[in-house]
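The values are calculated or read from the model by the stated rules, or taken from the named source; none is laboratory data. Not measured: the values here are computed from a predicted model. Glycine gets a Cβ as well: all are built from the backbone with ideal geometry, and neighbour counts include every protein chain shown. Areas reflect the complete protein model, heavy atoms only, side chains present, ligands, DNA and RNA absent. Shrake-Rupley method; radii C 1.70, N 1.55, O 1.52, S 1.80 Å.
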Amino acid sequence: MAFASAFRRIFNGSSTPALNIRSQFSSIRLESTLPTLTSPKLFVSGLSRTTTDDMLYKAFAPFGNLREAKVIIDRGSGKSRGFGFVTYDSVEEAEKARSGLNSKYLDGWVIFVDPAKPREAPQQPPPRRDMQSTETGYTSNKTVGWSGY
């Protein structure tokens, strides 16, 4: 109910809707249990489509010695995908940055800072059942009725 009334205040032009919404969004995010950091790499979501690597670097630099700040770009369109990664020298610096910038505004958007998860190896597709391998190593397809024309 409070969520709907906050949007109603925005559309009606209330003088302080941004403060109410900001506190509602940040309280939702901050009340959840935050996982502990085991790596100095952070995942930053909610980035503006106009945020660049340099802007991300400048926002996170005050919290420690940054190794890398990277906004992920879509290969097809060349535009930001709305998230990025930040890597510090130590876990303590990363924790300081996460507590300092989680649920804060960057380029007009609320960003969320979480621990980065390790990249999983891509899964191999299961073997096809209609193909059978012979002792010689050749594979034959048992499709019936195909003429090839």
Problem - From phi via Karplus (6.51, -1.76, 1.60), per-residue ³J(HN,Hα) for segment 66-73 in Hz, x at Gly/Pro - result: 7, 8, 7, 9, 10, 8, 7, 10
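What whole-number value in Å² describes the accessible area per residue of segment 33-102 for a 1.4 Å probe?
Numbers: 3910 Å² over 70 residues.
For segment 33-102, the solvent-accessible area averages 56 Å² per residue.
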Practice task
Using only the Cα atoms of segment 44-114, each taken as one equal point scatterer with no solvent, compute I(q) by the Debye sum, divide by I(0), and report log10 of the ratio at q = 0.15, 0.24 Å⁻¹.
Solution key: -0.43, -1.04
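Pick out, in residue order, every one of the trypsin sites (Lys or Arg not before Pro) in segment 75-130 that is DSSP loop and has at most 14 other C-beta atoms within 10 Å; say none if there are none.
Numbers: sites: Arg75, Lys79, Arg81, Lys96, Arg98, Lys104, Arg119, Arg128, Arg129; in loops: Arg75, Lys79, Arg119, Arg128, Arg129.
Passing both the DSSP loop test and the Cβ count: Arg75, Lys79, Arg119, Arg128, Arg129.
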